[in-house]
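Before any comments, here is the structure.
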Amino acid sequence: MRFDVVTIFPGFFSGVFEHGIVRRAQAEGLVTIAAHDLRAFTHDRHRTVDDRPFGGGEGMILKPEPLAEALGSLGIDALGIEPLGIAPKTENAVRPQVILLSAQGQRFTQGVARELAGLDRVVLLCGRYEGVDERISEHLADREVSIGDYVLSGGELGAAVIMDTVTRLIPGAVGNQNSTRQESFTESFPVSPDLSAGGPSATCGSGGLLDYPHYTRPADFRGMAVPEVLVNGNHDQIRSWRRKTALAKTLRNRPDLLERVALTEEDKELLAQIKLAQGTQGEMGQAPSLQKNRN
Ligand code: SAM
């Protein structure tokens, strides 16, 4: 998969992806990340990429011409600009998906990440200043994407978030591919048989909820013991505990997710138990198993 990022700060991306999974994925040729300097597509002495907004108002707006030219250089026919660049120009060549980073965009989710991970090529346009001339999102980008309900100073962090999230979903990028199938926000996936080797396989998918809590050695850390159920070796009990704590954590931190996922009869029963426990002994809406030790 190839990412092309158009930005006024191409240097921003040099350090970000020199670590961990994305660095390895690049080294193994699973992903290519190329940052392109928007100013390279200007033609004036000052390499101007922005201008004042029509109608008045605060700030400066990224001009459409350099962005369209940048896309042209990537082989994308943009507002009449002849494609020049690196994309294969065969009849069947698939136009890359062009994404404009924008606080006004559709929310970036694990579902969108999975969708993008299935593409060969994605182009990310990073805004700056007060934003980007609207003709870019109207006529040039395939979609506007926001990484959350807050305003960043530029699209670069958003582009980095998208590239990181998508890369780890590319087959081969993460050592154990199954681990990306059992995480928070991940809808149900068939769990491959090898998962059951080391534990209770049916615990694995979050089914769109938050992940369950994880613990590792030592079993007792400064008087804080891991839940007994996790060390007793009973896979059925572990599976049920994990599901219950995932439900409890979701209820506490992201109740909106519970509205969106299909709950099983077992889930509904576990949720009823959690709510009952909250009503009688829970603290601050937490399931007993998730209460923090504040002593
Ligand atoms: N005036 C814009 C608004 O209120 O929606 C904010 C512009 S922001 C200061 C500059 C650039 O940062 C945007 O053009 C966009 O590329 C990027 N940006 C800001 N917030 C973002 C978010 N939540 N997700 C993705 N990109 C964002």
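Throughout, read-outs are computed from the coordinates displayed, never taken from laboratory work. Predicted model only: the values in this text are computed from it and were never measured. For neighbour counting, all protein chains shown are included, and Cβ atoms are generated from backbone atoms with ideal geometry for every residue, glycine included.
Going by how many other beta carbons lie within 10 Å of each one, how would you line up M1, M163, M60, M224, fewest first?
M224, M60, M1, M163
Within a 10 angstrom radius of the beta carbon, how do F185, F3 rank from fewest other beta carbons to most?
F185, F3
R0 = 22 Å: FRET efficiency of S184 with T264, Cβ-based, nearest 0.05?
E between S184 and T264, to the nearest 0.05, is 0.75.
With +1 on each Lys and Arg Cβ and -1 on each Asp and Glu Cβ, how big is the dipole of the stretch 2-167 about its Cα centre, in debye rounded to the nearest 20?
360 debye
Taking every Cα atom in the stretch 2-167, find the radius of gyration and the maximum pairwise distance Dmax, and write them in Å.
15.5, 50
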